[in-house]
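Participant: Got a structure for you, written out below as structure tokens; questions coming shortly.
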Amino acid sequence: MLHYYMHDGPAAFRFELAGDLDVNDALRLEQDRQTASSTIGERTLIVDVSFVTSIDEAGLSLLRRWHAAGAQFAAISPQSRALVETITGHPFSPQQRQEPTYQPWWSGGVRSLHMTLPMISLVAVLTLLTPSTAWAAEDGASLAFARYASIAGENRGFANVIDSGDVIVEIDASLPKLARQGRMEAIRHVSASGEPGYEIVSLVGDSTVTHEVIARYLAIEQQSYALPASSFAITPENYKFRYTGSIETSGNQVYVFAIKPRSHREGLMEGQIWIDGATGTAVRQAGRLLNHKSIFIKKITVSRDTGSQAGAPYLRVTHIEIETRLFGRAELIIRERPQTSILSAGVEQ
């Protein structure tokens, strides 16, 4: 089955194809292109076939017609580049220049990232602005995004985190306006039916914070387990993605995408997601939750950073700020890690 995503950029309109392209998918793809033709206008049409696994004659015929009409093709792997040569009848050129379908660094990406990376050097910025680097970054971004999309359906978004096995949970909460704090340490167990339960190890601090902030957070988290993960996961079905740039962190290339919900359904957010280029996992998610439906809450902002060990989530830290009408700003810092990671560390010592 074919999956495809459309990216609307300032100078080009891009189709990213993934999976098997057969006659039925070709009909559907052509219909969507015709629907989008008025939007595409005079911009370049780019078709990324990097993740096409198979194609029949109807699919080849469609892409040849698109090529004859002026479409350009992007491909990363040797197999996909061979496919482009079959479509176009010409050798594939890795240096082929194409208009980007993301907002360039110099028109917005730097402004959104320079506060996060204040120590980035001018030389590094100038390097990022060169056309060859920008095109290489888009290649890497496409690959990272495809890897992420293949596993994103398993991600339950912001409401739930490391779901398998027992998890150590530490929650620090505060109401700065009232100068009150509270802290909980617990072990989260997940039942056979998928519902979480907490074994409280320690609960200290102001009772208003522990009851009105920590307890309410846990109640909302428990309610979220009853919802299907697909309804609020950060996937192309729920969100529009726009590539804004890349950074290097801890020796890994990370690609930054702006995300915007396709609907105003409760539990979705508008913000950013950072995708690790090597694994396709989300290492950072940040933004503002939409449509919270509470007269007592004015705004909710969330950021979550995930660290991995041996390719698996090892530590996840979530920062939540809630602007309330009664208590002012409420702040939570939630740290979660699998209990097995604690035990393994103890064995190694």
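The values are calculated or read from the model by the stated rules, or taken from the named source; none is laboratory data. Everything quoted here is computed from the prediction, not taken from an experiment. Every residue, glycine among them, receives a Cβ derived from its backbone with ideal geometry; neighbour counts consider all protein chains shown. Heavy atoms of the whole protein, side chains included, go into the accessibility calculation; ligands, DNA and RNA do not. Shrake-Rupley method; radii C 1.70, N 1.55, O 1.52, S 1.80 Å.
Participant: Considering only the range 203-229, how many residues are touching a Lys or Arg at 6+ places or on another chain (Cβ under 7 Å) and in a strand (DSSP E or B)?
Facilitator: Residues flagged as touching a Lys or Arg at 6+ places or on another chain (Cβ under 7 Å) and in a strand (DSSP E or B) within the range 203-229 amount to 2.
Each row is one residue, and each column tells you yes or no for (1) within 30 Å of L178 (Cα to Cα); (2) surrounded by fewer than 18 Cβ atoms within 10 Å (Cβ to Cβ); (3) at pLDDT below 90; (4) touching a Cys at 6+ places or on another chain (Cβ under 7 Å).
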position: G267; (1), (2), (3), (4): yes, no, yes, no
position: G280; (1), (2), (3), (4): no, no, yes, no
position: K293; (1), (2), (3), (4): yes, yes, yes, no
position: K299; (1), (2), (3), (4): yes, yes, yes, no
position: T306; (1), (2), (3), (4): no, no, yes, no
position: L332; (1), (2), (3), (4): yes, no, no, no
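Participant: Output the residue which, of all residues in the range 33-65 that are open to solvent by 60 Å² or more (accessible area, probe 1.4 Å) and acidic (D, E), is nearest to D22 (Cα to Cα).
Facilitator: By that ranking, first place goes to E57.
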